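Asks: Can you keep this structure in mind? I'll have questions shortly.
No lab work stands behind these numbers, since they all come straight from the coordinates. As the structure is a prediction and not an experimental result, all values here were calculated from the model. Glycine also receives a Cβ, built like all others from the backbone with ideal geometry; neighbour counts cover every protein chain displayed.
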Amino acid sequence: MTTFIIILVLLVLVAVSTIAIYNRLVTHRNRFKNAFAQIDVQLKRRYDLIPNLVETTKGYMKHERETLEAVIQARNQAQQVEKQAAQQPGDPESMKKLISAEQGLSGALGRLFALSENYPDLKANQNMMQLTEELSSTENKIAFSRQSFNDAVMNYNTTREKFPNILFANMFGFNQAQLFEIETTEERQAPKVSF
């Protein structure tokens, strides 16, 4: 009878520990998903600002059609990839595609801003100045949201990798999450958005 009670107590302890580990992993996973939702909001704001920026510059930069089209194409591609990443935030493949698309968009925007330096009337345009300020503010919010997301992913991954959590994490499908990291040194520089 005593052996039965000891086995029962051990089973209850294992069950309670397993439930606690599972709930902790769920909490951390939901935190990084919420953090990605904040990036999602800022990226959508950025994507919404870009067509207005392009429309404003069209009248001034008539001979720069390729650059304007590249910005719109990069924006559309980034927006499409971002929607896929939002379905599975932290998924390594989705995050790599998103990072790549965002780098392409930042590069296209950088070329647009560099070319706009040749158009003093564009730089003085009130609408352009307002769009630039909004885009700059949004870029700062994106950077802050990325930091928050990466912190949440790091906490999730750390919790997942601790013993005995790692024993149950794989069994319950809690896979390693991917950080939202910028891979090239050029992309680590904030885009210049002054006009």
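Asks: Contour minus end-to-end for N127 and M1, with contour as 0.36 nm per residue of separation and end-to-end as the Cα-Cα distance?
Replies: Values: separation 126, 0.36 × 126 = 45.36 nm, distance 8.25 nm.
Length gained between N127 and M1: 37.1 nm.
Asks: Sticking with this structure for a sec: On a 0 to 90 degree scale, rounded to 10, what angle separates helix 65-87 from the longest Cα axis of the chain?
Replies: 10 degrees
Asks: Then there is this: Considering Cα pairs under 8 angstrom that are at least six residues apart, work out the relative contact order of the chain and quote it in whole percent. Could the numbers behind the result be given before it?
Replies: Details: 181 pairs, mean separation 65.6, N = 195.
Over the chain, the number comes to 34 percent.
Asks: Write out the trypsin sites (Lys or Arg not before Pro) in the stretch 1-83 meeting two conditions: DSSP loop, and at most 11 other Cβ atoms within 10 Å of their Cβ. Display every interim value, and only then the final one.
Replies: Details: sites: R24, R29, R31, K33, K44, R45, R46, K58, K62, R65, R75, K83; in loops: K62.
When the trypsin sites (Lys or Arg not before Pro) of the stretch 1-83 are filtered for loop state and at most 11 Cβ neighbours within 10 Å, K62 remain.
Asks: In nm, to one decimal, how far is the modelled label at S136 from the one at V9, with both set 7 Å along Cα→Cβ?
Replies: Spacing of the two 7 Å Cα→Cβ label points: 6.7 nm.
Asks: Net charge near N157, counting Lys/Arg +1 and Asp/Glu -1 over other residues with Cβ under 15 Å of its Cβ?
Replies: On the way: positive: R24, R29, R31, K33, R160, K162; negative: D91, D151, E161, E181.
Once positives and negatives cancel, what remains is +2.
Asks: Using only Cα atoms, what Kirkwood radius does the stretch 40-88 have, in angstroms?
Replies: Details: mean 1/r = 0.0864 Å⁻¹.
Evaluated on the stretch 40-88, it is 11.6 Å.
Asks: In which sequence would T138, T2, T27 go, from the one with the fewest C-beta neighbours within 10 Å to the one with the most? Intermediate results must be reported in sequence, preceding the final value.
Replies: On the way: T138 20, T2 6, T27 12.
Ascending Cβ contact count within 10 Å gives the list T2, T27, T138.
Asks: Further question on the same structure: Each label point is 7 Å from the Cα along the Cα-to-Cβ direction; what then is the distance between the points at A114 and T18, in nm?
Replies: 5.8 nm
Asks: Let me test this: with uniform point scatterers at the alpha carbons of the stretch 21-169, what is the Debye-based log₁₀ I(q)/I(0) at q = 0.10 1/Å?
Replies: So the normalised log intensities work out to -0.44.
Asks: Next up: Taking the Cα atoms only, what angle lies between the long axis of helix 126-161 and the longest principal axis of the chain, rounded to 10 degrees?
Replies: 20 degrees
Asks: Okay, moving on. Counting other C-beta atoms within 10 Å, which of I50, I182, I39 has the fewest, and how do the rest follow?
Replies: Ranked by crowding around the Cβ, least crowded first: I182, I50, I39.
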